[in-house]
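*Asks:* Handing you this structure, nothing more for now.
The values are calculated or read from the model by the stated rules, or taken from the named source; none is laboratory data. Keep in mind that what you see is a predicted model, and the values were worked out from it rather than measured. With ideal geometry, Cβ positions are generated from the backbone for all residues, glycine too; neighbour counts draw on all protein chains shown.
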Amino acid sequence: MDQFLSTEFLLVIVNDIRWAVQIEFTRYLIAAAGATIVYALLSRWIEHRRIQRNRATLADRWREFRRSFETILVFSLVNLLSFAMFHAGWLPVARGTPVLSIMIVQVIVMVIMHDAWFYWMHRALHLKALFRRAHATHHVSRTPTSWAAYSFAPIEAVFESIYVPIMFLIVANIVPMQPWAIFIFLGHQIARNVIGHSGYELAWSGFTRSPWTGWLTTTTHHDLHHTEGRYNFGLYFTFWDRVMGTENPKYHERFEAVVGRRAAVPEAVAAV
């Protein structure tokens, strides 16, 4: 009986790991590859919105993909905590028809919690004691691409993902977790991540100073972090950077310089 239970337990663990890797890799691949394809198709119209003059090489993209896959393996192991809590009944999940109001509130709460966690975790990773071991790998991408979304060292991968089971535990024990809230949150997380590393600024002039949109980070916001490092630690919102005085003083100027560029006019058209 003990041998049977042990074998059954191992099969559950192996199956959970397989599902965790499959889910994480699928999310990453769809988002990173999808963004790459979309930007490539639109390159004729958005080339003037490229933030940096430098271009990432194929070797850079391959490095980012390889590191991201290693991160996915770490994420998957950490996600076993979520599976374990679910199997143990510690993570209540709502059944039946989703309740829209609860789902929306849960998504908003999780996004705000994640942004706060990321800001302070990110600042900690820039401390001398942690940077070289934990965060320098991500900053090898001086000209990041969407494939850099998960390009972390193993230590950072743990820091980046450990909040997920803890956050789920907190939220679900206030109101049982809506499955669609988890799906939307994870989709939003990877989408914002790949866009933030894409290297193209598609927002419009005045975006960063408007009371309606200025509280959202832009691709320029995170791109400046990769090029200078000392500022712009936020993920989704500019709130913490503004409050803590860590917003790049050149952010708005740099943003407007990028979005203010005009698309190149084809020579044939210019000659008419």
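*Asks:* Could you please find all residues in segment 214-259 being exposed (fewer than 11 other Cβ atoms within 10 Å of the Cβ) and modelled with pLDDT under 95?
*Replies:* Selection gives ARG230 alone.
*Asks:* Would segment 125-138 turn up any residue that is in a helix (DSSP H, G or I), of a type in the set (Val, Ile, Thr), touching a Lys or Arg at 6+ places or on another chain (Cβ under 7 Å) and free of Cβ contacts under 8 Å to residues at least 60 places away in the same chain?
*Replies:* Pass one, segment 125-138, residues in a helix (DSSP H, G or I): 125, 128-138.
Pick out the ones that are also of a type in the set (Val, Ile, Thr) and you get 137.
From what's left, touching a Lys or Arg at 6+ places or on another chain (Cβ under 7 Å): 137.
Next cut, free of Cβ contacts under 8 Å to residues at least 60 places away in the same chain only: none.
No, because not a single residue in segment 125-138 is in a helix (DSSP H, G or I), of a type in the set (Val, Ile, Thr), touching a Lys or Arg at 6+ places or on another chain (Cβ under 7 Å) and free of Cβ contacts under 8 Å to residues at least 60 places away in the same chain.
*Asks:* Oh, and also: Name the pairs: first residue in segment 27-43 and within 17 Å of THR219 (Cα to Cα) and among the hydroxyl-bearing types (Ser, Thr, Tyr), second residue part of a helix (DSSP H, G or I) and modelled with pLDDT of 95 or more, Cβ to Cβ under 6 Å, at least 6 apart or on different chains?
*Replies:* THR36/SER146
*Asks:* When you scan segment 12-25, how many residues do you find that are closer than 17 Å to PHE86 by Cα and at pLDDT 75 or above? Can you show your working first?
*Replies:* Taking segment 12-25 as the starting set, the residues that turn out to be closer than 17 Å to PHE86 by Cα are 12-20, 23.
Retained after the next criterion (residues that are at pLDDT 75 or above): 14-20, 23.
Of the residues in that region, 8 qualify.
*Asks:* Still on this structure: What is the number of the single condition among (1) farther than 23 Å from THR36 by Cβ; (2) part of a helix (DSSP H, G or I); (3) of a type in the set (Val, Ile, Thr) that VAL258 does not meet?
*Replies:* Of (1) farther than 23 Å from THR36 by Cβ; (2) part of a helix (DSSP H, G or I); (3) of a type in the set (Val, Ile, Thr), only one is false for VAL258: (1).
*Asks:* Also, quick follow-up: Under 30 Å from ALA257 (Cα atoms) and touching a Leu at 6+ places or on another chain (Cβ under 8 Å), is that true of ILE46? If you could, list the steps in order and put the result at the bottom.
*Replies:* On the way: under 30 Å from ALA257 (Cα atoms): yes; touching a Leu at 6+ places or on another chain (Cβ under 8 Å): yes.
Yes: the conditions hold for ILE46.
*Asks:* Show the residue pairs meeting these rules: Cβ distance below 6 Å; 6+ apart or different chains; first residue within segment 177-189 and surrounded by fewer than 20 Cβ atoms within 10 Å (Cβ to Cβ); second residue modelled with pLDDT of 95 or more.
*Replies:* So the pair list comes out as TRP180/MET103; ILE184/VAL107.
*Asks:* Go through (1) more than 19 Å from ARG66 (Cα to Cα); (2) in contact (Cβ under 8 Å) with a residue 60 or more places away in the chain; (3) in contact with a helix residue (DSSP H, G or I) (Cβ under 9 Å, 6 or more places away or on another chain) one by one and return the number of the condition ASN173 breaks.
*Replies:* (3)
*Asks:* Could I ask something else about it? Can you pull out the residues in segment 222-243 that are more than 16 Å from HIS138 (Cα to Cα) and assigned to a helix (DSSP H, G or I)? Let's see the steps before the verdict.
*Replies:* Of all residues in segment 222-243, those more than 16 Å from HIS138 (Cα to Cα) come to 236-243.
Across segment 222-243, the qualifying residues are PHE239, TRP240, ASP241, ARG242, VAL243.
*Asks:* Further question: Among the residues that make up segment 201-211, is at least one of them charged (D, E, K, R), under 19 Å from ARG142 (Cα atoms), surrounded by 20 or more Cβ atoms within 10 Å (Cβ to Cβ) and in contact (Cβ under 8 Å) with a residue 40 or more places away in the chain? It would help to see each step written out before you state the result.
*Replies:* Let us first name the residues in segment 201-211 that are charged (D, E, K, R), namely 201, 209.
Filter once more, keeping what is under 19 Å from ARG142 (Cα atoms): 201.
From the residues that got through so far, the ones that are surrounded by 20 or more Cβ atoms within 10 Å (Cβ to Cβ) too are 201.
When the remaining residues are screened for being in contact (Cβ under 8 Å) with a residue 40 or more places away in the chain, the result is 201.
Within segment 201-211, one or more residues are charged (D, E, K, R), under 19 Å from ARG142 (Cα atoms), surrounded by 20 or more Cβ atoms within 10 Å (Cβ to Cβ) and in contact (Cβ under 8 Å) with a residue 40 or more places away in the chain.
*Asks:* Still on this structure: Has segment 236-253 got any residue that is without any contact (Cβ under 8 Å) to a residue 12 or more places away in the chain and basic (Lys, Arg)?
*Replies:* Yes: segment 236-253 contains one or more residues that are without any contact (Cβ under 8 Å) to a residue 12 or more places away in the chain and basic (Lys, Arg).
*Asks:* Test each condition in (1) within 16 Å of LEU186 (Cβ to Cβ); (2) at pLDDT 95 or above for VAL93 and report the one that comes out false.
*Replies:* All conditions pass for VAL93, except number (2).
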